[in-house]
Amino acid sequence: MTANTPKTYVVLEDGIDFRTIAKVMTKGGYPMNHATARNVWIMAMRNFITELADEVGIDITEDTIDNMLLDQELHSSLGEVLVTANRGTEFSTQ
Amino acid sequence: MQLIQTLSPQKTKHDTDDDMILFRRYHETKVFNEDGKLIKTDLKLRNELALRNQKLVLFTIAKFFSHKQLTKEVKEDLYQEGNIGLFNAIDNYNPTMGFKFSTYCCWWTKQACSNYLLEQGTELTVPAHVRTAQNKITKNLRASKQPEFTMRDLDNSLAPETYGVTEKMIECIKAAMKTKWVHSLYEPAWSASDGDMTLEDTIPDKALSEEKFDITLLTTAAKRALSSLSERERLILLLRYNVIQAIPAKEVNSSDC
(Lines give C-alpha, C1' and ligand atoms only; values in the text may rest on other atoms or scores of the structure.)
Protein backbone atom coordinates (compact mmCIF):
# COMPACT_ATOMS: atom_id res chain seq x y z
CA MET A 1 0.00 0.00 0.00
CA THR A 2 1.59 3.28 -1.11
CA ALA A 3 1.34 6.60 0.71
CA ASN A 4 -1.15 7.93 -1.89
CA THR A 5 -3.60 5.06 -1.55
CA PRO A 6 -6.68 6.15 0.41
CA LYS A 7 -7.35 4.26 3.65
CA THR A 8 -10.20 1.79 3.56
CA TYR A 9 -10.56 1.22 7.31
CA VAL A 10 -9.98 2.94 10.64
CA VAL A 11 -7.98 1.98 13.73
CA LEU A 12 -10.27 0.86 16.52
CA GLU A 13 -9.79 2.08 20.08
CA ASP A 14 -10.67 -1.14 21.88
CA GLY A 15 -10.19 -3.56 19.00
CA ILE A 16 -7.61 -6.30 18.51
CA ASP A 17 -4.87 -5.68 15.91
CA PHE A 18 -4.70 -7.80 12.74
CA ARG A 19 -1.46 -9.59 13.71
CA THR A 20 -3.06 -10.89 16.93
CA ILE A 21 -6.22 -11.83 15.00
CA ALA A 22 -4.08 -13.73 12.46
CA LYS A 23 -2.32 -15.61 15.28
CA VAL A 24 -5.60 -16.55 17.00
CA MET A 25 -7.16 -17.64 13.71
CA THR A 26 -4.13 -19.70 12.73
CA LYS A 27 -4.19 -21.38 16.15
CA GLY A 28 -7.91 -22.10 15.67
CA GLY A 29 -7.36 -23.84 12.33
CA TYR A 30 -7.69 -20.95 9.86
CA PRO A 31 -4.13 -20.25 8.71
CA MET A 32 -3.61 -16.65 7.62
CA ASN A 33 -1.32 -13.67 7.98
CA HIS A 34 -2.21 -10.15 9.12
CA ALA A 35 -2.92 -8.91 5.58
CA THR A 36 -5.38 -11.74 4.95
CA ALA A 37 -7.00 -11.01 8.32
CA ARG A 38 -7.41 -7.35 7.29
CA ASN A 39 -8.80 -8.24 3.85
CA VAL A 40 -11.25 -10.77 5.28
CA TRP A 41 -12.33 -8.26 7.93
CA ILE A 42 -13.00 -5.57 5.29
CA MET A 43 -14.96 -8.09 3.22
CA ALA A 44 -16.86 -9.25 6.31
CA MET A 45 -17.70 -5.65 7.20
CA ARG A 46 -19.01 -4.99 3.69
CA ASN A 47 -21.18 -8.10 3.77
CA PHE A 48 -22.37 -7.40 7.31
CA ILE A 49 -23.37 -3.80 6.55
CA THR A 50 -25.17 -4.86 3.37
CA GLU A 51 -27.06 -7.62 5.18
CA LEU A 52 -27.91 -5.28 8.08
CA ALA A 53 -29.21 -2.63 5.67
CA ASP A 54 -31.34 -5.31 3.97
CA GLU A 55 -32.75 -6.42 7.33
CA VAL A 56 -33.59 -2.86 8.37
CA GLY A 57 -34.95 -2.04 4.90
CA ILE A 58 -32.48 0.63 3.77
CA ASP A 59 -31.04 0.95 0.26
CA ILE A 60 -27.29 1.30 0.54
CA THR A 61 -24.62 1.95 -2.12
CA GLU A 62 -20.97 0.90 -2.27
CA ASP A 63 -19.90 4.51 -1.69
CA THR A 64 -21.97 4.71 1.47
CA ILE A 65 -20.36 1.51 2.74
CA ASP A 66 -16.90 2.96 2.01
CA ASN A 67 -17.76 6.08 3.99
CA MET A 68 -19.20 4.02 6.81
CA LEU A 69 -16.02 1.95 7.07
CA LEU A 70 -14.07 5.16 7.70
CA ASP A 71 -16.45 6.45 10.36
CA GLN A 72 -14.92 6.03 13.82
CA GLU A 73 -18.24 6.61 15.63
CA LEU A 74 -19.93 3.89 13.60
CA HIS A 75 -17.27 1.40 14.60
CA SER A 76 -17.67 2.25 18.29
CA SER A 77 -21.43 1.75 18.18
CA LEU A 78 -21.11 -1.33 15.99
CA GLY A 79 -18.90 -2.90 18.65
CA GLU A 80 -21.71 -2.45 21.22
CA VAL A 81 -24.29 -3.89 18.82
CA LEU A 82 -22.09 -6.91 18.13
CA VAL A 83 -21.57 -7.56 21.86
CA THR A 84 -25.36 -7.60 22.34
CA ALA A 85 -25.97 -9.61 19.16
CA ASN A 86 -23.35 -12.21 20.06
CA ARG A 87 -24.77 -12.91 23.53
CA GLY A 88 -25.98 -16.48 23.83
CA THR A 89 -24.33 -17.69 20.62
CA GLU A 90 -21.80 -20.51 20.31
CA PHE A 91 -18.87 -18.07 20.13
CA SER A 92 -19.85 -16.14 23.22
CA THR A 93 -17.11 -15.99 25.84
CA GLN A 94 -18.91 -13.41 28.03
CA MET B 1 -58.18 40.57 57.22
CA GLN B 2 -55.43 42.98 58.07
CA LEU B 3 -53.48 41.73 55.06
CA ILE B 4 -56.46 42.31 52.81
CA GLN B 5 -56.83 45.86 54.11
CA THR B 6 -53.11 46.46 53.57
CA LEU B 7 -53.25 45.14 50.05
CA SER B 8 -56.51 46.86 49.19
CA PRO B 9 -55.74 49.02 46.15
CA GLN B 10 -56.87 52.36 47.53
CA LYS B 11 -56.60 54.81 44.73
CA THR B 12 -57.25 58.50 44.90
CA LYS B 13 -59.85 59.98 42.59
CA HIS B 14 -57.03 61.52 40.63
CA ASP B 15 -55.47 58.07 40.03
CA THR B 16 -58.80 56.57 38.98
CA ASP B 17 -59.42 59.38 36.51
CA ASP B 18 -55.95 58.86 35.05
CA ASP B 19 -56.66 55.14 34.73
CA MET B 20 -59.93 55.76 32.95
CA ILE B 21 -58.23 58.09 30.49
CA LEU B 22 -55.59 55.43 29.82
CA PHE B 23 -58.22 52.70 29.43
CA ARG B 24 -60.18 54.82 26.97
CA ARG B 25 -57.01 55.47 25.00
CA TYR B 26 -56.12 51.77 25.11
CA HIS B 27 -59.62 50.79 24.01
CA GLU B 28 -59.24 53.03 20.96
CA THR B 29 -55.96 51.34 19.97
CA LYS B 30 -57.51 47.84 19.85
CA VAL B 31 -57.77 46.28 16.39
CA PHE B 32 -60.08 43.28 15.91
CA ASN B 33 -60.24 40.79 13.06
CA GLU B 34 -63.39 39.58 11.28
CA ASP B 35 -64.14 37.03 14.01
CA GLY B 36 -64.00 39.73 16.68
CA LYS B 37 -60.63 38.54 17.95
CA LEU B 38 -58.12 41.05 19.24
CA ILE B 39 -55.15 41.12 16.88
CA LYS B 40 -53.31 44.34 17.63
CA THR B 41 -52.99 46.67 20.61
CA ASP B 42 -50.66 49.24 22.07
CA LEU B 43 -48.46 46.93 24.16
CA LYS B 44 -46.67 49.80 25.89
CA LEU B 45 -49.96 51.18 27.16
CA ARG B 46 -51.08 47.71 28.12
CA ASN B 47 -47.96 47.18 30.25
CA GLU B 48 -48.44 50.55 31.92
CA LEU B 49 -52.03 49.68 32.79
CA ALA B 50 -50.94 46.29 34.14
CA LEU B 51 -48.32 47.90 36.36
CA ARG B 52 -50.80 50.44 37.67
CA ASN B 53 -53.32 47.71 38.54
CA GLN B 54 -50.94 44.98 39.67
CA LYS B 55 -51.99 45.42 43.27
CA LEU B 56 -55.45 44.16 42.34
CA VAL B 57 -53.99 40.69 41.76
CA LEU B 58 -52.41 40.56 45.20
CA PHE B 59 -55.64 41.82 46.70
CA THR B 60 -57.74 39.15 44.94
CA ILE B 61 -55.39 36.35 45.93
CA ALA B 62 -55.31 37.54 49.53
CA LYS B 63 -59.08 37.82 49.68
CA PHE B 64 -60.11 34.58 47.98
CA PHE B 65 -57.19 32.19 48.34
CA SER B 66 -55.45 33.11 51.59
CA HIS B 67 -57.47 30.52 53.56
CA LYS B 68 -56.05 27.67 51.46
CA GLN B 69 -52.97 25.84 52.65
CA LEU B 70 -50.64 26.59 49.76
CA THR B 71 -46.91 26.16 49.47
CA LYS B 72 -44.65 29.08 48.60
CA GLU B 73 -44.13 27.77 45.06
CA VAL B 74 -47.87 27.42 44.42
CA LYS B 75 -48.46 30.93 45.79
CA GLU B 76 -45.86 32.31 43.40
CA ASP B 77 -47.47 30.44 40.52
CA LEU B 78 -50.84 31.75 41.61
CA TYR B 79 -49.51 35.29 41.43
CA GLN B 80 -48.31 34.66 37.88
CA GLU B 81 -51.65 33.15 36.89
CA GLY B 82 -53.38 36.15 38.44
CA ASN B 83 -51.22 38.43 36.29
CA ILE B 84 -52.29 36.50 33.17
CA GLY B 85 -55.88 37.08 34.29
CA LEU B 86 -55.08 40.78 34.72
CA PHE B 87 -53.81 41.01 31.14
CA ASN B 88 -56.95 39.28 29.88
CA ALA B 89 -59.04 41.74 31.86
CA ILE B 90 -57.16 44.72 30.40
CA ASP B 91 -57.69 43.36 26.89
CA ASN B 92 -61.39 42.71 27.35
CA TYR B 93 -62.35 45.69 29.48
CA ASN B 94 -64.67 48.15 27.85
CA PRO B 95 -64.59 51.48 29.69
CA THR B 96 -67.62 52.78 27.79
CA MET B 97 -69.93 50.39 29.63
CA GLY B 98 -69.55 52.31 32.87
CA PHE B 99 -68.17 49.63 35.21
CA LYS B 100 -65.06 50.09 37.29
CA PHE B 101 -62.02 48.17 36.15
CA SER B 102 -61.43 46.67 39.61
CA THR B 103 -64.85 44.94 39.45
CA TYR B 104 -64.08 43.43 36.07
CA CYS B 105 -60.46 42.53 36.82
CA CYS B 106 -61.33 40.80 40.09
CA TRP B 107 -63.45 38.23 38.23
CA TRP B 108 -60.75 37.48 35.65
CA THR B 109 -58.02 37.13 38.26
CA LYS B 110 -60.16 34.94 40.47
CA GLN B 111 -61.09 32.72 37.51
CA ALA B 112 -57.47 32.36 36.37
CA CYS B 113 -56.36 31.42 39.89
CA SER B 114 -59.23 28.94 40.45
CA ASN B 115 -58.50 27.26 37.12
CA TYR B 116 -54.85 26.92 38.01
CA LEU B 117 -55.62 25.39 41.41
CA LEU B 118 -58.09 22.92 39.92
CA GLU B 119 -55.58 21.93 37.27
CA GLN B 120 -52.96 21.36 39.95
CA GLY B 121 -55.27 19.04 41.86
CA THR B 122 -55.62 16.36 39.20
CA GLU B 123 -53.31 14.39 36.97
CA LEU B 124 -55.85 14.58 34.19
CA THR B 125 -56.28 17.86 32.32
CA VAL B 126 -59.89 18.72 31.69
CA PRO B 127 -61.39 21.53 29.63
CA ALA B 128 -62.15 24.86 31.27
CA HIS B 129 -65.91 24.39 30.97
CA VAL B 130 -65.70 21.13 32.94
CA ARG B 131 -63.73 22.84 35.67
CA THR B 132 -66.32 25.59 35.77
CA ALA B 133 -69.05 22.94 36.04
CA GLN B 134 -67.14 21.28 38.84
CA ASN B 135 -67.04 24.56 40.75
CA LYS B 136 -70.70 25.14 40.04
CA ILE B 137 -71.79 21.75 41.39
CA THR B 138 -69.78 22.07 44.58
CA LYS B 139 -70.92 25.61 45.18
CA ASN B 140 -74.63 24.88 44.58
CA LEU B 141 -74.81 21.76 46.69
CA ARG B 142 -72.74 23.10 49.54
CA ALA B 143 -74.79 26.25 49.69
CA SER B 144 -78.19 24.56 49.52
CA LYS B 145 -78.46 21.16 51.18
CA GLN B 146 -75.20 19.38 51.75
CA PRO B 147 -72.52 21.52 53.36
CA GLU B 148 -70.20 18.50 53.66
CA PHE B 149 -70.57 17.60 49.98
CA THR B 150 -67.48 16.50 48.13
CA MET B 151 -67.02 15.50 44.50
CA ARG B 152 -66.76 11.93 45.70
CA ASP B 153 -70.49 11.98 46.50
CA LEU B 154 -71.46 12.37 42.86
CA ASP B 155 -73.92 9.58 42.30
CA ASN B 156 -74.61 7.90 39.00
CA SER B 157 -78.12 6.97 40.04
CA LEU B 158 -79.14 10.60 40.40
CA ALA B 159 -80.23 12.45 37.31
CA PRO B 160 -77.64 14.90 35.95
CA GLU B 161 -80.28 17.63 36.20
CA THR B 162 -79.88 17.40 39.97
CA TYR B 163 -76.48 18.99 39.56
CA GLY B 164 -77.48 21.31 36.77
CA VAL B 165 -75.01 19.81 34.27
CA THR B 166 -75.05 17.14 31.56
CA GLU B 167 -74.30 13.43 32.15
CA LYS B 168 -71.17 13.61 29.99
CA MET B 169 -69.84 16.44 32.08
CA ILE B 170 -70.33 14.43 35.27
CA GLU B 171 -68.32 11.60 33.70
CA CYS B 172 -65.54 14.06 32.85
CA ILE B 173 -65.49 15.49 36.36
CA LYS B 174 -65.41 12.04 37.92
CA ALA B 175 -62.55 10.95 35.68
CA ALA B 176 -60.57 14.07 36.52
CA MET B 177 -61.20 13.82 40.24
CA LYS B 178 -60.61 10.10 40.48
CA THR B 179 -56.86 10.63 40.32
CA LYS B 180 -57.14 12.28 43.74
CA TRP B 181 -58.64 9.27 45.45
CA VAL B 182 -56.71 6.32 44.12
CA HIS B 183 -56.47 3.59 46.75
CA SER B 184 -55.17 0.76 44.65
CA LEU B 185 -53.54 0.31 41.27
CA TYR B 186 -55.92 -2.60 40.65
CA GLU B 187 -58.98 -0.34 40.69
CA PRO B 188 -60.84 -0.25 37.36
CA ALA B 189 -59.75 2.63 35.18
CA TRP B 190 -61.93 5.70 34.61
CA SER B 191 -65.22 4.16 33.47
CA ALA B 192 -66.95 0.88 32.89
CA SER B 193 -66.54 1.32 29.13
CA ASP B 194 -62.84 0.47 29.45
CA GLY B 195 -63.68 -3.14 30.30
CA ASP B 196 -61.14 -4.90 32.49
CA MET B 197 -58.56 -2.15 32.26
CA THR B 198 -57.06 -1.24 35.63
CA LEU B 199 -55.08 1.80 36.68
CA GLU B 200 -51.94 -0.30 36.60
CA ASP B 201 -52.46 -0.80 32.86
CA THR B 202 -52.45 2.95 32.28
CA ILE B 203 -48.97 3.49 33.79
CA PRO B 204 -46.29 3.66 31.10
CA ASP B 205 -43.70 0.87 31.24
CA LYS B 206 -40.28 2.52 31.22
CA ALA B 207 -38.57 -0.80 30.53
CA LEU B 208 -40.31 -0.99 27.16
CA SER B 209 -39.42 2.46 25.95
CA GLU B 210 -39.20 3.29 22.28
CA GLU B 211 -35.40 3.52 22.46
CA LYS B 212 -35.12 0.03 23.90
CA PHE B 213 -37.49 -1.26 21.24
CA ASP B 214 -35.24 0.21 18.53
CA ILE B 215 -32.15 -1.39 20.10
CA THR B 216 -33.90 -4.76 20.26
CA LEU B 217 -34.84 -4.48 16.57
CA LEU B 218 -31.30 -3.51 15.63
CA THR B 219 -29.81 -6.35 17.67
CA THR B 220 -32.12 -8.86 16.01
CA ALA B 221 -31.16 -7.52 12.57
CA ALA B 222 -27.46 -7.66 13.52
CA LYS B 223 -27.86 -11.27 14.67
CA ARG B 224 -29.39 -12.24 11.32
CA ALA B 225 -26.68 -10.34 9.41
CA LEU B 226 -23.99 -12.09 11.46
CA SER B 227 -25.44 -15.50 10.76
CA SER B 228 -25.38 -14.77 7.01
CA LEU B 229 -21.56 -14.38 7.06
CA SER B 230 -19.17 -17.28 6.59
CA GLU B 231 -17.64 -18.70 9.77
CA ARG B 232 -14.19 -17.24 9.02
CA GLU B 233 -15.64 -13.77 8.40
CA ARG B 234 -17.81 -13.94 11.50
CA LEU B 235 -14.90 -14.96 13.73
CA ILE B 236 -12.62 -12.21 12.41
CA LEU B 237 -15.36 -9.61 12.82
CA LEU B 238 -15.97 -10.63 16.42
CA LEU B 239 -12.23 -10.78 17.17
CA ARG B 240 -11.61 -7.38 15.65
CA TYR B 241 -14.23 -5.76 17.92
CA ASN B 242 -12.89 -7.64 20.94
CA VAL B 243 -16.25 -9.38 21.38
CA ILE B 244 -14.41 -12.71 21.68
CA GLN B 245 -10.78 -13.26 22.62
CA ALA B 246 -10.35 -16.91 21.54
CA ILE B 247 -11.97 -19.20 18.99
CA PRO B 248 -12.90 -22.87 19.19
CA ALA B 249 -10.59 -25.22 17.28
CA LYS B 250 -11.74 -25.90 13.72
CA GLU B 251 -13.27 -29.33 13.19
CA VAL B 252 -11.22 -31.32 10.68
CA ASN B 253 -13.09 -33.77 8.47
CA SER B 254 -11.66 -37.36 8.45
CA SER B 255 -11.75 -37.27 4.62
CA ASP B 256 -9.27 -34.35 4.67
CA CYS B 257 -6.60 -36.41 6.50
How many of the residues making up the range A:47-74 are in a helix (DSSP H, G or I) and more than 10 Å from chain B (Cβ to nearest Cβ)?
11
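Considering only residues that are more than 8 Å from chain B (Cβ to nearest Cβ) and either in a loop (DSSP other than H, G, I, E, B) or in contact (Cβ under 8 Å) with a residue 24 or more places away in the chain (or both), look in the range A:31-46 and name the one that is surrounded by the fewest Cβ atoms within 10 Å (Cβ to Cβ). Before the answer, list the steps.
Taking the range A:31-46 as the starting set, the residues that turn out to be more than 8 Å from chain B (Cβ to nearest Cβ) are A:31-36, A:38-39, A:42, A:46.
Subset that is either in a loop (DSSP other than H, G, I, E, B) or in contact (Cβ under 8 Å) with a residue 24 or more places away in the chain (or both): A:31-33, A:38, A:42.
On the way: A:P31: 11, A:M32: 18, A:N33: 13, A:R38: 20, A:I42: 14.
Among those residues, the one meeting the criterion is A:P31.
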Does B:K68 meet the test of being among the basic types (K, R), under 26 Å from the mean Cα position of the chain (by Cα) and at pLDDT below 90?
yes
Where B:V74 falls short, out of the listed (1) under 30 Å from B:D15 (Cβ atoms); (2) at pLDDT 85 or above
(1)
List pairs: first in the range A:1-30 and more than 10 Å from every other protein chain (Cβ to nearest Cβ) and within 23 Å of A:D66 (Cα to Cα), second at pLDDT 75 or above and assigned to a loop (DSSP other than H, G, I, E, B), Cβ under 8 Å, 6+ apart or cross-chain?
A:K7/A:L70; A:T8/A:L70; A:V10/A:L70; A:V10/A:D71
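The values are calculated or read from the model by the stated rules, or taken from the named source; none is laboratory data. Computed from a predicted model, the values in this text were never measured in an experiment. Don't worry about glycine lacking a Cβ; one is built from the backbone with ideal geometry, like all the others, and counts go over all protein chains shown.
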